[in-house]
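Written below as structure tokens is the structure these notes are about.
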Number of protein chains: 4
Amino acid sequence: MVIIMHPEATQENIDEVVSVIKSRGLDAKIMIGEQQKIIGVIGDKAKFASVPVDAMKGVDHTVEISKSYKLASREFHPESSIIDVDGVKIGGAEPVIMAGPCAVESREQILEAAEIIKAGGAQFLRGGAYKPRTSPYSFQGLEVEGLKYLAEAREKTGLKIVTEVTTVEAIDHVEYYADMLQIGARNMQNFGLLKEVGKTGKPVLLKRGLAATLDEWLNAAEYIMSEGNPNVVFCERGIRTYETYTRNTLDLSAVSAIKHLSHLPIIVDPSHGTGKWRMVKPMSLAAIAAGADGLMMEMHPNPARALSDGNQSLTPEHYREVMTAVKKLSAFMREELD
Amino acid sequence: MVIIMHPEATQENIDEVVSVIKSRGLDAKIMIGEQQKIIGVIGDKAKFASVPVDAMKGVDHTVEISKSYKLASREFHPESSIIDVDGVKIGGAEPVIMAGPCAVESREQILEAAEIIKAGGAQFLRGGAYKPRTSPYSFQGLEVEGLKYLAEAREKTGLKIVTEVTTVEAIDHVEYYADMLQIGARNMQNFGLLKEVGKTGKPVLLKRGLAATLDEWLNAAEYIMSEGNPNVVFCERGIRTYETYTRNTLDLSAVSAIKHLSHLPIIVDPSHGTGKWRMVKPMSLAAIAAGADGLMMEMHPNPARALSDGNQSLTPEHYREVMTAVKKLSAFMREELD
Amino acid sequence: MVIIMHPEATQENIDEVVSVIKSRGLDAKIMIGEQQKIIGVIGDKAKFASVPVDAMKGVDHTVEISKSYKLASREFHPESSIIDVDGVKIGGAEPVIMAGPCAVESREQILEAAEIIKAGGAQFLRGGAYKPRTSPYSFQGLEVEGLKYLAEAREKTGLKIVTEVTTVEAIDHVEYYADMLQIGARNMQNFGLLKEVGKTGKPVLLKRGLAATLDEWLNAAEYIMSEGNPNVVFCERGIRTYETYTRNTLDLSAVSAIKHLSHLPIIVDPSHGTGKWRMVKPMSLAAIAAGADGLMMEMHPNPARALSDGNQSLTPEHYREVMTAVKKLSAFMREELD
Amino acid sequence: MVIIMHPEATQENIDEVVSVIKSRGLDAKIMIGEQQKIIGVIGDKAKFASVPVDAMKGVDHTVEISKSYKLASREFHPESSIIDVDGVKIGGAEPVIMAGPCAVESREQILEAAEIIKAGGAQFLRGGAYKPRTSPYSFQGLEVEGLKYLAEAREKTGLKIVTEVTTVEAIDHVEYYADMLQIGARNMQNFGLLKEVGKTGKPVLLKRGLAATLDEWLNAAEYIMSEGNPNVVFCERGIRTYETYTRNTLDLSAVSAIKHLSHLPIIVDPSHGTGKWRMVKPMSLAAIAAGADGLMMEMHPNPARALSDGNQSLTPEHYREVMTAVKKLSAFMREELD
């Protein structure tokens, strides 16, 4: 923490601030220039967290300089982590692809989707059994029934299952039927939920909040990890900006930012990130080129009949086209650009 | 819903889209101009919700024109609602003030705060017993113990209690001890939580999400109301923008927007909205002048010792100054400007 | 400037950074804690501006702590400035109101508008002769002819004239006919234009850029002032955010922020700030309550025939209603709340 | 344009709106459902532009459905355009790379930079002679002297020159010395400047405004094109969002959006887009994979001595590394993925 004093601050003001800081067991260094009076604070950030320096006399403002997450930080864990989901490794040499419909709509739909997904070469089947929807009158998901269909699809295809858990109550069911728990964008700061999935030990796919900073996202991972679950994978899915042409603004620079700040893997969801199926192919290729550890994309056996998010879903034909291109590009990246 | 066809769309494309729409029991009207081909869709929005028109041939894009909330809408409930919290009326002639520390830190602190709050003229005591914090290492609240202190403060002062509930598990406790349940910004789309507070019937203070649109906010109220609880009060607390000088950007135009779109009351929280105690007075006055039904503000008996958000907390002295000004202005608004 | 070194930075890295800083005539102070290594830099910011510390070994990131504007800053000019526009004082006890149509459309329209404006009690007539429009096919203004009509309206009513200047070439004309030059939001960082209006000495109304930070806005004023023109008045007109219900998000906290950071006056434009005539009254009252030095609002003798921005224009009747309320509130603020 | 009437709107209200629309030579279609009353308007958008329907009785709101740009639109020009800059083709099979320092600082610096740029394989040298800087006290560029150094660098290397023009007065000089005129982000809606570069016929690199929507950006191109200059190339350089880790948020989805909406080429500037040299390589590769027609990147012979933007500049070594990777990836994209 750095405290910038007002140019008119007196020596007495400075002494008082330093005295409060030292009383909390922290160390303070004073720097005085012609136009600037600064106090640097060194020590455990937690001790400082609630010192209301801004309310003290002579203080102009303060600037935060250190990070509040540790377990998720690369500083304290320089080597990249690989998250193993029942044999499928996320964060390794090969990108991991998760695909499937937005929502599980019926047994037939999800089984049909799974066959197409498997044939196309993805490793994970996605599909929501619990759907967080803006309106209470929209389709809310098949819940446990949907989870069972997903598990059946795994039996038939060998695909891993990733699906969203939206409430603490549903964790037991999702943990039982799925291989990886997804925390959706709207729940990225549902701290009660984060703590509980942290207690499961099950791999977690942590989507970025609608308007979450990187720092908040990393702290959300810290919530899960501090409960004992180190198996967190980030998923960039677009952030909210003033631009309305796309559903969200896909922030691909988050891929290299997260890789710099954290040792955990990160994948990209171009379907939610753009809201347009036409953009899924170019943004998938861009994500892979940017170094993403994988992709999550929506594919529906028949988008024109989808109960949600149909406009951003690939058809089976487009899915195969994207997969072919992604696989070629990943091989190229691995073999030619490393 | 309006469907804008591509200029090159064929009659066949148009016919197909119309046919799908009609197959869902909706009515379609075609408008064809020199440069534009448009299909208007009339009927129950829910039926249309998942028709992936964008994925159909010849469709350029679609535009949403109707609202998805009803119970919260003024269209279906033209008269303004007054929410009665155990005798205190929110949405009536007089603005309702909720004040108190960010967090309940100790019995002494909350009792001391309550006395000051009461003496200054506010009707509600606020204070978090469950604190949603960005970092898992920050102070997380006293939980049930904190609720008991709040209840004790009510006994001594007669103030009503409003406090945040962050998880479904905590609802029973908060419902038992508090007069009004607060849903915080980070939980505005925690739909599981919204549904459960909707089942309680207890008045709910619904804060706007960090980056929530008015439409999403109104739909969040709809989640609560559709479970049978009509007692919802909105609280504007600033939205996330590119500006970093203030903690958030307080959107006071939301006051008149909500009053136009909904019959429910709306109050304003200038403490979180700006993050600076110095701005609480001018923004409180502005909120009242804009027509807000009340205010929520942070006051700490000793901000320099606060465990969280000290920089935005008023001192008792500033609190009294703000209250005096707010009361004068409200009386003026009521008597001179109506 | 504060330089935060990487936890793994060596003493050699630190020495090198300090050596570069000292070579530029700046002073550096090192602070080393268990987890943090920080270098504080004291001295003339300009000398440091282009030192690419981030590119030096061992540097994690840097944080700016000082301001780059001086003439506009309250630190160097503690007393509030009053800008005198040919006898009308902006920044004094009474708020100054500027009103009129978005664009000058005809002699009749602007003369009719001026009479209504004058009768309602505003001091300034506004109206664009040069219109910056998103599309090249929209109405672009009457240019010099429009300026002449404005001057004629001044002759007839005694109102001062404020009108936008969009190009360096037009400055001479606008300076000749108007009393105050307006810099529009889209030109807030048109530095060539800022410098040239800085050379005129004429009062300038500086609108906030669509997505300008307070710091950028203050620096834009600094461009004008550093050319010798101290007569700058800020105008908050809403910023661009994700919310689309309003045309922009009116940031009323900018009023108290600017008053804290600068000695210059600030007025508020609720017409552009909201894009809805219905919101002009509540937002005008809120601006006055927040401490604004004045208002700018759109009024059209016949909004239904306006060539631009008709939806946000007040009718004459609404204008009179807003003016009556604003005047009552200002008197109350002056007499009862100071 | 679609007009959504209030549910309570009377037949009289509807008739009046329709009558006004027809009086302007436009056609109106009425759609009435149980809960919705909609009026569709067909015809020339310009005629409708200023009809203040929102101010008419019974109107709830309006929704824009058509585009205001034509020359820039793919609808009216389905085939992709290739912009020829003195023999170098932008928009063809091979991506075009523009590289160089942020600012021309001296003859030596720019000549040294040019040799490195040329050897690395880029086709264009970039470098600012006129620098738009937030603070008036920052380095503002060498102006004509800088242009001459750029021209000399072209003589020695054969590189094309692209450089920013910030004022109408400077157009003649920049046009004389450079091969391509750059319009910077801060001037994207400096319409006077756009019109004048539109009169030159010289190829224009049009950077996206700090907070410009795609629609505004396309309209800015329309300003240039409507003056007779069809040679416009877009450059995505990041938009302003709430995220502060990166200088801007690079919106790579703009690449496929622009390619869908327009026939003009688009390149990407990852240096300004991220503000961090470390991110230039991954974001360059991502841009190419997303289908960009080229890149603009900052390279300084000695970033640690740069007078501006040093932190985002590549060293010569990093530049060569990025170029090697970009060339390999482009070849792969061309040969394997088309």
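The values are calculated or read from the model by the stated rules, or taken from the named source; none is laboratory data. This structure is a prediction, so every number in the text was calculated from the model and none was measured. Quick reminder, even Gly has a Cβ in these numbers, built from the backbone with ideal geometry, and neighbours come from all protein chains shown.
A few notes on this one:
- Among residues of the range C:18-29 that are of a type outside the set (Val, Ile, Thr), those with a Cβ under 6 angstrom from a residue that is assigned to a strand (DSSP E or B), sequence gap 6+ or separate chain, pair up as C:26/C:41; C:27/C:42; C:28/C:39; C:28/C:41; C:29/A:31; C:29/C:40.
- Residue C:297 falls short of the stated requirement of being touching a helix residue (DSSP H, G or I) at 6+ places or on another chain (Cβ under 6 Å), more than 26 Å from residue C:67 (Cα to Cα) and without any contact (Cβ under 8 Å) to a residue 40 or more places away in the chain.
- Highlighted here would be helices (runs of 4 or more DSSP H) found entirely within the range B:185-291 that include at least 2 residues which are in contact (Cβ under 8 Å) with a residue 60 or more places away in the chain and outside the structural domain of residue B:327 (by TED's automatic domain parsing), but there are none.
- Conditions (1) over 13 Å from the mean Cα position of the chain (by Cα); (2) among the polar types (S, T, N, Q); (3) away from every other protein chain (no Cβ under 12 Å); number of the one not met by residue A:284: (3)
- Every residue from the range A:240-274 that is within 9 Å of another protein chain (Cβ to nearest Cβ) and of a type in the set (Gly, Ala, Ser): A:253, A:254, A:256, A:257, A:273
- The set of residues from the range C:143-160 being at positive phi and within 24 Å of the chain's Cα centre (by Cα) comprises just one member, C:143.
- Residue within the range C:314-328 that is over 21 Å from residue B:243 (Cβ atoms), crowded, with 24+ Cβ neighbours inside 10 Å and out of contact with any Gly (no Cβ under 9 Å at 6 or more places or on another chain) present: yes
- Scanning the range C:71-87 for residues that are surrounded by 15 or more Cβ atoms within 10 Å (Cβ to Cβ) and more than 30 Å from residue C:125 (Cα to Cα) yields C:75, C:77.
- Yes/no for residue D:218 being under 12 Å from the mean Cα position of the chain (by Cα), buried (at least 24 other Cβ atoms within 10 Å of the Cβ) and not acidic (Asp, Glu): yes
- Verdict on residue C:326 being farther than 16 Å from residue D:53 by Cβ and either in a strand (DSSP E or B) or within 14 Å of chain D (Cβ to nearest Cβ) (or both): no
- Any hit, the range D:37-51, residues being modelled with pLDDT of 80 or more, outside the structural domain of residue D:202 (by TED's automatic domain parsing) and more than 28 Å from residue B:62 (Cβ to Cβ): no
- Residue ID - nearest to residue D:226 (Cα to Cα), chosen from residues in the range D:94-113 that are touching a residue at least 60 places away in the same chain (Cβ under 8 Å) and touching a helix residue (DSSP H, G or I) at 6+ places or on another chain (Cβ under 6 Å): D:95
- Selection count, the range A:251-287, where residues are buried (at least 24 other Cβ atoms within 10 Å of the Cβ) and in contact with a Pro (Cβ under 6 Å, 6 or more places away or on another chain): 3
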